[in-house]
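Here is the structure we will look at, set down as structure tokens.
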Amino acid sequence: MDWYNLEPDKYNLLTRHYTPGRGGARIEFVTLHHMAMVGDVDACVRVWKDRPASAHYAISPTGHIGQAVNDKDTAWSNANAYSNARSISIEHSNSAGAAQDWPISPATLEAGAHLVAAICCYYDLGRPVSGRNVRFHSHESGGATACPYHLRPGHKYHDGYMARSQWWYDQ
């Protein structure tokens, strides 16, 4: 991953289920998601080929970052067209499933926090702040989902993830 130029480890760009461009909107924030599966960008693209959804980035259980929708385009990620047009969305792989309460590996958390910081730097969004320039699928969807589950405010990964995002931004 080239953090300064936002070049991912891998590209697997979708050919549908996103909107070209951003309809005149500018990028204002990052929206966090969890995959509700163990996977990488290739696994996400397989799902999104048949499901009208997408995200810009997907982080694997080992921390590899893939891109499925270019930043200049609008991913269908937040169940909210206004939010989609203003957001860069990041899917975080889980390291196990529902029976284990959807954990996320340390490598995925670290890569995600670093990516949030890099996006905030690249697009001049300022230091990552929860609820301001770092938002959550559950909020952006109006409560229609629990995603990003443990990454949401008040849940087990949130505070550490935000602290690491801020640390990376400060570097």
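So here's what we get for this one:
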quantity: Filter result for G66 (in a helix (DSSP H, G or I) and either open to solvent by less than 10 Å² (accessible area, probe 1.4 Å) or in contact with a Lys or Arg (Cβ under 7 Å, 6 or more places away or on another chain) (or both)); calculated: no
quantity: Meets criteria (modelled with pLDDT of 95 or more and either open to solvent by less than 10 Å² (accessible area, probe 1.4 Å) or part of a loop (DSSP other than H, G, I, E, B) (or both)) for R46; calculated: no
quantity: Some residue of segment 13-34 being among the hydroxyl-bearing types (S, T, Y), under 23 Å from H158 (Cα atoms) and in contact with a Phe, Trp or Tyr (Cβ under 8 Å, 6 or more places away or on another chain); calculated: yes
quantity: Number of the exception - G112 against (1) on the phi < 0 side of the Ramachandran plot; (2) in contact with a His (Cβ under 8 Å, 6 or more places away or on another chain); (3) open to solvent by 10 Å² or more (accessible area, probe 1.4 Å); calculated: (3)
quantity: Unique match (being under 15 Å from the mean Cα position of the chain (by Cα), of a type in the set (A, V, I, L, M) and within 20 Å of R51 (Cα to Cα)) among A85, A107, A144, A113; calculated: A85
quantity: Helices (runs of 4 or more DSSP H) fully within segment 71-171 counting 3 or more residues that are within 22 Å of G21 (Cα to Cα) and among the hydrophobic types (A, V, I, L, M, F, W, C); calculated: 106-122
quantity: For Y57: the one exception among (1) in contact with a strand residue (DSSP E or B) (Cβ under 9 Å, 6 or more places away or on another chain); (2) open to solvent by 30 Å² or more (accessible area, probe 1.4 Å); (3) closer than 17 Å to V116 by Cα; calculated: (2)
quantity: Filter pass, A25 being aliphatic (A, V, I, L, M) and in contact with a Lys or Arg (Cβ under 7 Å, 6 or more places away or on another chain); calculated: yes
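Condition check ((1) of a type outside the set (G, A, S); (2) surrounded by fewer than 20 Cβ atoms within 10 Å (Cβ to Cβ); (3) under 15 Å from T145 (Cβ atoms)) across all residues:
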site	(1), (2), (3)
R51	yes, yes, yes
K72	yes, yes, no
A81	no, yes, no
E91	yes, no, yes
N94	yes, no, yes
I104	yes, no, no
T108	yes, no, no
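The values are calculated or read from the model by the stated rules, or taken from the named source; none is laboratory data. All figures in this text were calculated on a predicted structure; none of them were measured in a lab. We place every Cβ from the backbone using ideal geometry, glycine too, and count neighbours over all the protein chains shown. SASA here: full protein model, heavy atoms, side chains in, ligands and nucleic acids out. Shrake-Rupley method; radii C 1.70, N 1.55, O 1.52, S 1.80 Å.
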